[in-house]
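The values are calculated or read from the model by the stated rules, or taken from the named source; none is laboratory data. Bear in mind that the values here come from a model prediction, so they are computed numbers and not experimental data. Every residue, glycine as well, gets a Cβ built from its backbone with ideal geometry; the counts of neighbours run over all protein chains shown. Protein only, heavy atoms only, side chains kept; ligands, DNA and RNA dropped before computing areas. Shrake-Rupley method; radii C 1.70, N 1.55, O 1.52, S 1.80 Å.
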Amino acid sequence: MKEKINISNENFNVSIALYRPEIPSNTGNIGRLCVGLNISLHIVSKPSFILSAKEIRRAGLDYWEKLNLIKHENEHTFLEYCKENNKRIVPISKFGAIRYDEFNYSNDDILLFGRESTGLRESIWENDAANSVYLPMSDDIRSINVSNTAAIVSYEAFRQLCLNKNI
């Protein structure tokens with residue numbers, strides 16, 4: 001068995017934000033990812049389901065209780081939070097400007113993911129378009145599952161900020 005790495009907020013403080021999530025199992029999987037990386041999960045605006053639903057807990061398993069969950073009433077309160085806490089929003093979109101592995105992540109980043117069906121509303125990320133990130137994919141699909149994308153991008157940020165520095 002490989003040795004575990006101690007991940008603290010001192011060496012990795014990136015967060016994930018989900019804008020109006022629609023699928024409980026995706027949110028649960030991303031919550032579990034956040035616990036595994038010791039990072040916060042932000043829910044922006046009202047999800048399409050009840051956050052305490054058993055579907056989320058099933059996907060997040062017994063880790064959901066350990067999750068640092070931050071809820072924002074709407075996109076304006078989220079943007080205000082980011083500004084007040086000096087957080088850089090990194091929108092993740094198939095229309096992003098920079099490939100995910102060529103982007104320079106920082107510990108002040110919040111990785112912002114859109115709805116499963118419609119992605120991110122342009123108004124929530126238009127001011128951060130230069131920091132937007134995409135994953136390459138074939139033309140045969142419309143998108144990559146949001147929980148898979150969150151894992152790929154989060155671990156790339158972790159690799160850049162921590163693994164390359166041998167935490």
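With respect to ASN74, is the statement that it is open to solvent by 80 Å² or more (accessible area, probe 1.4 Å) and more than 14 Å from the chain's Cα centre (by Cα) true?
On the way: open to solvent by 80 Å² or more (accessible area, probe 1.4 Å): no; more than 14 Å from the chain's Cα centre (by Cα): yes.
Here the answer is no, as ASN74 does not meet what is asked.
I'd like the residue in the stretch 6-63 that is part of a loop (DSSP other than H, G, I, E, B), more than 20 Å from VAL153 (Cα to Cα) and not charged (D, E, K, R) and, out of all such residues, is modelled with the lowest pLDDT.
Taking the candidates together, the pick is ALA53.
Name the single residue that is farthest from ASN13 (Cα to Cα) among those in the stretch 144-156 being touching a strand residue (DSSP E or B) at 6+ places or on another chain (Cβ under 7 Å) and touching a residue at least 60 places away in the same chain (Cβ under 8 Å). Outline the logic, then answer.
Quick first cut of the stretch 144-156, residues touching a strand residue (DSSP E or B) at 6+ places or on another chain (Cβ under 7 Å) only: 146, 149-150, 153-154.
Going one step further and asking which of them are touching a residue at least 60 places away in the same chain (Cβ under 8 Å), we end up with 146, 150, 153-154.
Working: VAL146: 20, ALA150: 15, VAL153: 14, SER154: 11 Å.
So the residue we want is VAL146.
Which of the following residues is aromatic (Phe, Trp, Tyr), under 16 Å from the mean Cα position of the chain (by Cα) and more than 21 Å from ASN38 (Cβ to Cβ): TYR155, TYR134? Show your work before the answer.
On the way: TYR155 fails: more than 21 Å from ASN38 (Cβ to Cβ).
The unique qualifying residue is TYR134.
Condition (residue is modelled with pLDDT under 90 and among the charged types (D, E, K, R)) applied to the stretch 105-119: is it met by at least one residue?
yes
Which pairs do you get when a residue that is open to solvent by 50 Å² or more (accessible area, probe 1.4 Å), found in the stretch 84-108, comes within reach of a residue that is in a strand (DSSP E or B) and among the acidic types (Asp, Glu), reach meaning Cβ atoms under 7 angstrom, with the pair 6+ apart or on two chains?
Taking only residues 6 or more apart or on different chains, the pairs are ARG88/ASP109.
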